[in-house]
Amino acid sequence: MNPNDFRRHGHEMVEWIANYLETVRDRRVLPDVKPGEVFDRLPAHAPDTAEPFAQIMQDFEAQILTGSTLWNHPRFFSYFAISSTPPSILAEFLAAAINQNGILWKSGPALTELEQVTLGWLREWLGLPPEYFGIMYDTASVSTLHALIAARQFVVPDTRRHGARHDLVVYTSDQAHSSIEKGALALGFGEENVRKIATDENFAIRLDLLEAAIQKDLTEGRVPCCVVACVGATPTASVDPIAQVITLARHYGMWIHVDAAYAGPAAMLPECAPHFAGWDHADSIVLNPQKWMLTNVDISVLYLRHKEALSDAIGLTPEYLRTTADPRMLNYMDYSVALGRRFRALKLWFVMRSYGRDGISEMLRRHNADARWLRQQIEADPRFEISAPTHFSLVCFRLKATNQVNQQLLDALNQSGFAFIAHTLQNGQYVLRFAIGNYMTTRDDIAQTWTRIQELATGLV
Ligand SMILES: Cc1ncc(COP(=O)(O)O)c(C=O)c1O
């Protein structure tokens, strides 16, 4: 592709993206495809000769887009709804052009320093003290994996030398995301050393049971290593009592990691501050700008109080990457399993500057208000019941009917293509999760979806 062709196709593509964003509301959220259908539609062998760009673009629309779940759709209410905003789309375009790889400072000075700057700005917005060192990874799962690496090294400093032990225990709640157990499995803590502590009627971790589990492990000769508490846990966006968990875990010399992958940005809102009380004393915190902070996939942020625990565990410099030492020179490879590093900070920088703290806060507030409004509509329909507290922008509810009928309701809505919601199972009950989080979502999108749910319910019961 010569520079003139690039210009032409680039302009056409920006036009395409602008049109797409303007009209995405008219598309299905879930694609109407069966497993294997996209695969079967595509050629079995790669082309031997170059194909015209226009043909590839045409196939993208016909084959790929029609087989895609549209996460950047205003009626995507599933999992935790997310946004890819115009500034972050354009910043990704630029990042691809300059193609940075921030292995170490020398391989990407601006990448390295912009990551420090944006994470310093974000830390301030979140009300976290300057002691926290920030680093970006692709996902919350990988951020938490690194938190667990640091936790183990911190609690047992000879881990690097001797390797994994089989008596270190990780505690979290029965609402915690599977990434915590997966991280523990990957690091060799062992399945039987992960405690999923039961939660109370609001799905918050029970401190009495947490302490009892720690005591039992100590009595039986195991070593409590790390507690992972959640602000905005996946099933119902429940909130653990962070301050009390930290006091308890400190008493036993453990590392405290806070999983705020979804809800973290809400710490910017004074009205949400009580949910985060005490989190500024955690040893590590994860939050994902790719979830509720207007930035496209992938970008997750880990804040660490003791960054040296991570470099002590996995820092390693092969000769070809050795550089002179300088106190201002940060080499992110010392804090990461992956050597290479995408320029994720660029899109966060564009987003933070394009919206400002006020713009981001306004969106978070709007989503929280929309969730409260939806909750009121659900409460006004006696056929339905609310299943969990609404702390943020997720509303959990169910039809007062069997699990099977609730599942039929969810399937009918999702298959219609109009909207996409998810479910969870709480105390044996099938619960519908309505997650608001896309920047384009309006009150009308929510109202229309709720009306459809009511109509479908009428047909089912
Ligand atoms: C609370 C929480 N933690 C962690 C994760 C894992 O996120 P990721 O897909 O970025 O690994 C999720 C995913 O939704 C989540 O809700």
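Laboratory data are not the source of any read-out in this text; all were calculated from the coordinates shown. Please read these numbers as outputs of a predicted model, since none were measured by experiment. So basically every Cβ, Gly included, is an ideal-geometry build from the backbone, and we count neighbours across all protein chains shown.
Ranking request for peptides 192-199, 320-327, 28-35: highest mean number of other beta-carbon atoms within 10 Å first, then the rest in descending order.
192-199, 28-35, 320-327
What does the charge count near THR390 come to, summing +1 for each Lys or Arg and -1 for each Asp or Glu among other residues with Cβ under 10 Å from its Cβ?
+2
Of all DSSP beta bridges in segment 101-342, what percent run antiparallel (nearest 5)?
Roughly 40 percent of the DSSP beta bridges within segment 101-342 come out antiparallel.
In whole Hz and in residue order, list the ³J(HN,Hα) couplings for segment 2-16 that follow from phi through the Karplus curve 6.51 cos²θ - 1.76 cosθ + 1.60, θ = phi - 60°; x for Gly and Pro.
7, x, 5, 5, 4, 4, 5, 5, x, 4, 4, 6, 4, 4, 4
List the residues whose amide H sits under 5 Å from the amide H of THR139, counting only those 5 or more places along or on another chain, with H placed 1.01 Å from N in the peptide plane.
The list, which skips near neighbours in sequence, is SER300.
If you filter segment 327-401 for trypsin sites (Lys or Arg not before Pro), then keep DSSP loop positions with at most 14 other Cβ within 10 Å, what is left?
Answer by residue number: ARG328, ARG383, LYS400.
For segment 63-137, which GluC sites (Glu not before Pro) are in a loop by DSSP, counting at most 10 other Cβ atoms within 10 Å?
Hits after loop and neighbour filter: nothing returned.
VAL169's amide H: which non-local residues (gap 5+, or another chain) put their own amide H closer than 5 Å, with H modeled 1.01 Å from N in plane and none for Pro or chain starts?
VAL223, CYS225, CYS226
Hey, got the dipole for segment 233-362? About the Cα centre, +1 on K and R Cβ, -1 on D and E Cβ, debye to the nearest 20?
That gives a dipole near 360 debye.
Residue by residue, what Karplus-based ³J(HN,Hα) values in Hz, rounded to whole numbers, does segment 99-107 have, using 6.51, -1.76 and 1.60 with θ = phi - 60° and x for Gly and Pro?
So the J values, rounded to whole Hz, are 6, 7, 9, x, 4, 9, 3, 4, 7.
Could you go through segment 455-461 in sequence order and give the Karplus-derived ³J(HN,Hα) for each residue, using 6.51 cos²θ - 1.76 cosθ + 1.60 with θ = phi - 60°, rounded to whole Hz, and x for Gly and Pro?
Per-residue couplings from phi come out as 5, 5, 4, 4, x, 9, 10 Hz.
Normalised by the number of residues in segment 101-342, what is the relative contact order in percent for Cα pairs under 8 Å and 6+ residues apart?
26
Report, in whole Å, the centroid distance computed from the Cα atoms of segment 425-455 and segment 290-341.
38
Answer rounded, prolate or oblate for segment 319-429, using the Cα gyration tensor with square roots of eigenvalues a ≥ b ≥ c: rounded when a/c is under 1.5, else prolate when a/b is larger than b/c, else oblate.
prolate
Can you order the peptides 226-233, 268-275 by their average number of other Cβ atoms within 10 Å per residue, highest first?
226-233, 268-275
Rounded, prolate or oblate: which one fits segment 101-342, using the alpha carbon gyration tensor with axes a ≥ b ≥ c (rounded when a/c is under 1.5, else prolate when a/b beats b/c, else oblate)?
Here segment 101-342 falls in the oblate category.
Of all DSSP beta bridges in the chain, what percent run antiparallel (nearest 5)?
Once the DSSP bridges in the chain are tallied, antiparallel ones form about 55 percent.
For a quick check: with amide H placed at 1.01 Å from N, whose amide H comes under 5 Å from GLN426's, ignoring anything fewer than 5 positions away on the same chain?
VAL431
Could you tell me which of rounded, prolate or oblate describes the chain, using a ≥ b ≥ c as the square roots of the eigenvalues of the alpha-carbon gyration tensor, with rounded for a/c under 1.5 and, failing that, prolate when a/b is larger than b/c and oblate otherwise?
Here the chain falls in the oblate category.
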